[in-house]
Amino acid sequence: MSSIIARSRAGTARALTAVGRCQLAGLLGLVVAFVGPAVVGALLLLPVGLGHRLLPPAAGVLRRCADLARERAARSSGVPVSPPAPLPRAAGARAVLADAGFWRDLGWAWLEPLAGGLLVALPPSLVVYGAFGAFVQPFVWRLLGDGNWYAFVLVDGTAAMVGALVLGLAFTAAGLLLAAPVLRLHARLSRLLLAAPRTTELVRRIEQLTDTRAVALDGRADELRRIERDLHDGAQARLVALGMRLDSATRLLHDPPAARAALLEVRELSARALEDLRDLVRGIQPPILTDRGLGDAVRSLALDSFLDVHVEVRLAARLPAAVESAAYFAVNELLANAAKHSGADRVDIVLTHTPAHTHPPAHTHGRDHGDGAGHGGGRLRVTVTDDGRGGADPARGTGLLGVRARLATFDGSLALHSPPGGPTTVTLEIPCASSLPKTSSS
């Protein structure tokens, strides 16, 4: 019984919140009802010159109202609304007139007070009118006289008063029930009117692909330089020393004890060279990642860390190799950051994969990576939480920026939540498909 009451209270609270959001959306529609005609008035004054001074600030106010509507639509629908290109700073009237987003905002400003304002005003109006009928009408109907009508009920007696009370409760319930669907419908209308044109999204996509390609090429070049440096300073130097020591050992064959000591040194040098090569291979692609998958590779990182690391793997199958590699090195970097900077004692890592049909990434446009890492195959999510002091800021270091750049190559994202005092939670998401056979335990 208590659980039913708790659910009812939670449902009522959500409905009241939705009604409040409808009221705020209605207020925005009322403001827009004045902004739209003001912008049109500035356009009409362009021939006499005054409009050149009035149009830019009016367009700026209109853009701020439209951006606020985009944010509300995104919160109500859960789907981000892509904004148009921002207006240039200190833009003149000509720049405003040449901006496609300005005309889209203006069209929305004329339709919003009618299509949106009246729509979102319905639930609050029903709630207020219903509350009047249920909580005010029973006490004042005698004072209002015999001609007191509530909706279609003539309140002229006790029976009619009870009918008005029931009708008021019905109006209130209808307003509460309609608030959330109305908000979703209003969000769809706003998204339809305010979303950036397809050409703008394509231009942004091209720019994003260009940037991520440049980052990927720079990262590949840095990786090749690192490998070359590690080979030159590590294994190559030891192999050269190994050859020289072998040459010395051959000259000492007439002195068996000295030759034996030289060969022991050669064995030690060969072991060090082998260890250098293994470290280099681990830095390129850890064997455990190739052989056993992301889950076991992250568990291996947890075992190597001096922190108390708990790993939870919910991966039903292997992921594309490139995605596994990116996620592995990102987790490695996050563990290193937690060990060096956070002062944490415990780190929790959760790896999950959400199929496409349960998590449609509707706010992005996918691309084919050729290895199953496209948007149509779901998303890999990695959550790393530490109990450190918090206050992490990507601007103060290159670690998180490097992780973000690595993920951007796959259209991935990094979300950081690190309030002062902790805890710090980093959430990584990479669009990908899980298509390879499962080889690691989960």
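Inside segment 19-37, residues that are surrounded by fewer than 16 Cβ atoms within 10 Å (Cβ to Cβ) and either aromatic (Phe, Trp, Tyr) or more than 32 Å from the chain's Cα centre (by Cα) (or both) make up a count of 3.
Considering only residues in segment 149-167 that are part of a helix (DSSP H, G or I) and among the hydrophobic types (A, V, I, L, M, F, W, C), the one that is surrounded by the most Cβ atoms within 10 Å (Cβ to Cβ) turns out to be Ala164. For segment 416-442, filtered to residues that are modelled with pLDDT of 85 or more and of a type in the set (Ser, Thr, Tyr), the residue that is surrounded by the fewest Cβ atoms within 10 Å (Cβ to Cβ) is Thr427. The residue pairs whose first member lies in segment 318-342 and is assigned by TED's automatic domain parsing to the domain that holds Asp304 and closer than 17 Å to Thr354 by Cβ, whose second member is of a type outside the set (Phe, Trp, Tyr) and surrounded by fewer than 18 Cβ atoms within 10 Å (Cβ to Cβ), and whose beta carbons are closer than 7 Å, counting only pairs six or more residues apart or on different chains, are Arg318/Leu436; Arg318/Pro437; Arg318/Lys438; Arg318/Thr439; Pro320/Asp371.
In segment 168-177 there is no residue matching the filter, namely being in contact with a His (Cβ under 7 Å, 6 or more places away or on another chain), at pLDDT 75 or above and part of a helix (DSSP H, G or I). Every condition in (1) assigned to a helix (DSSP H, G or I); (2) within 30 Å of Asp105 (Cβ to Cβ); (3) at pLDDT below 75 holds for Leu189 except the one numbered (3).
Residue-level analysis places Leu143 outside the set of residues that are surrounded by fewer than 18 Cβ atoms within 10 Å (Cβ to Cβ), modelled with pLDDT of 75 or more and in the same structural domain as Gly60 (by TED's automatic domain parsing). Considering segment 238-261 alone, what residues qualify as being within 25 Å of Leu277 (Cα to Cα) and over 60 Å from the mean Cα position of the chain (by Cα)? Residues satisfying the conditions are Asp247, Ser248, Ala249, Ala261.
The values are calculated or read from the model by the stated rules, or taken from the named source; none is laboratory data. Just so it is clear, the model here is predicted, and its values are computed rather than measured. Note that each Cβ is placed from the backbone with ideal geometry, even for glycine, and that neighbours are counted across all protein chains shown.
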